[in-house]
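Undergrad: Input: one structure, supplied below.
The values are calculated or read from the model by the stated rules, or taken from the named source; none is laboratory data. Remember, it's a predicted structure, so these values are computed and weren't measured experimentally. Ideal geometry is used to build each Cβ from the backbone, glycine not excepted, and the neighbour counts take in all protein chains shown.
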């Protein structure tokens, strides 16, 4: 039996999955790491936590397996981040992750500085704060000594893991295209842009195909990570890209619902449509559900600990106890600013409509509904562009609960199909890339070996009508609060 090892480095954890080359799921191991939030909009991580997670998850996953039979390791990870390292891959400053929105001022400066061709593709024609470029410009302005010492800036989480293993800084073309360092065609780094911003091209990673073999496990790392020397390392791509493969996003015009930390609607661009859409992802949808669990749902956490039940199952029961519309309470999930659909790093989360009769269940349900309304704005744009989106595959944590899936289906008037191994969509995509890299699979249609639908959630026509009345109210609240957000921004 031969295997492919896949590592999915998400915002909160590294999920390592082992698959046979025939597409059979063997097992998964997940190791978490912390995001350090501060100053209202900052989001940082410690790269040492990533490395420790990689080594721990790998060692535990390969127990009982002949590591010589693991043909390769393929990666995906969050992006675009900004991690400055020295020649020995030592971090010079904490990793500023994609969710960080501190560079609002730098975005304004870059929008004014750069020719419009570099920003016209962004909402409102403004540089986005989640890109690597404005983050690096923030480092350059506030920590010039860090910038001067930087040997490489790494935009993807797994770029750091690969560099630790091989000494090479690499990034695939798709992730490089999201850094804002490239030309408008996304084919190469832009010398014009780099000259204007004062960034030397030498500190940027080499750009590869996502199926390129970029190195091997060195002998000195065998005892550290538990893999055999010579095991191939596949460049991989961003977490969204691998999840898209795992969700079967193969043909132009295919669409799916990504239900992770940065949830949203992902499209395989179709040049015949009105817009060539791609990943339309929010900043903190899954994070909003985690925030709900960690703050408002402390009693549910205690109950889960006492009974041994999953805390989200208990939360779903409470959510189901509240009516459609949460008795007038509305939640806007802008806990880390917003990417799509707003491109507003200064946006803030809010509950509106609370009264003396509001219950905890109302507030809990409103969080789920707020996530649904917000992603619904994105889905409406996808439909308006001519993409068919009546039935979508849903992957990620937001799709695991039946109650949550039903709310989303009703708000967006869409049928949702859940995969049996919903949490493994990204690692499935990694495994497919690994197989292509080694010549085992011809192309991405090999994902069909891995896919199995476990359930279908259809929209409830009565609830669809009720939610249709709330959708314009959700938008009015955002428009009303938008001028206030800068006053709350720190």
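Undergrad: Examine the stretch 193-205 for a residue that is farther than 20 Å from residue 138 by Cα and surrounded by fewer than 21 Cβ atoms within 10 Å (Cβ to Cβ), and state whether such a residue exists.
TA: No: the stretch 193-205 contains no residue that is farther than 20 Å from residue 138 by Cα and surrounded by fewer than 21 Cβ atoms within 10 Å (Cβ to Cβ).
Undergrad: Could you count how many residues in the stretch 264-282 are assigned to a loop (DSSP other than H, G, I, E, B) and at pLDDT 95 or above?
TA: 1
Undergrad: So, one more: For the subset of the stretch 331-389 comprising residues that are free of Cβ contacts under 8 Å to residues at least 24 places away in the same chain and not in a strand (DSSP E or B), which member is farthest from residue 485 (Cα to Cα)?
TA: 383
Undergrad: Which residues, counting only those in the stretch 219-234, are part of a loop (DSSP other than H, G, I, E, B) and surrounded by fewer than 14 Cβ atoms within 10 Å (Cβ to Cβ)?
TA: The answer is 229, 230.
Undergrad: Give the residues of the stretch 181-217 that are in a loop (DSSP other than H, G, I, E, B) and under 22 Å from residue 429 (Cα atoms), sorted by residue number.
TA: If the condition is that a residue be in a loop (DSSP other than H, G, I, E, B) and under 22 Å from residue 429 (Cα atoms), then 209, 210, 211, 212, 217 are the ones that fit.
Undergrad: Within the stretch 287-294, can one find any residue that is in contact with a strand residue (DSSP E or B) (Cβ under 7 Å, 6 or more places away or on another chain) and buried (at least 21 other Cβ atoms within 10 Å of the Cβ)?
TA: yes
Undergrad: Please determine, by comparing only the residues of the stretch 41-91 that are under 23 Å from the mean Cα position of the chain (by Cα) and free of Cβ contacts under 8 Å to residues at least 24 places away in the same chain, which one is farthest from residue 10 (Cα to Cα).
TA: The extreme case among them is 52.
Undergrad: Same structure, new question: With (1) touching a helix residue (DSSP H, G or I) at 6+ places or on another chain (Cβ under 9 Å); (2) modelled with pLDDT of 95 or more as the list, and residue 421 as the residue in question, which single condition is left unmet?
TA: Unmet condition: (2).
Undergrad: For residue 462, work out the one condition from (1) modelled with pLDDT of 95 or more; (2) within 23 Å of residue 284 (Cβ to Cβ); (3) in a helix (DSSP H, G or I) it doesn't fulfil.
TA: Result: residue 462 passes all but (2).
Undergrad: Further question on the same structure: Hey, can you tell me all the residues within the stretch 228-248 that are modelled with pLDDT under 95 and more than 21 Å from residue 171 (Cβ to Cβ)?
TA: Of everything in the stretch 228-248, those that are modelled with pLDDT under 95 and more than 21 Å from residue 171 (Cβ to Cβ) turn out to be 247, 248.
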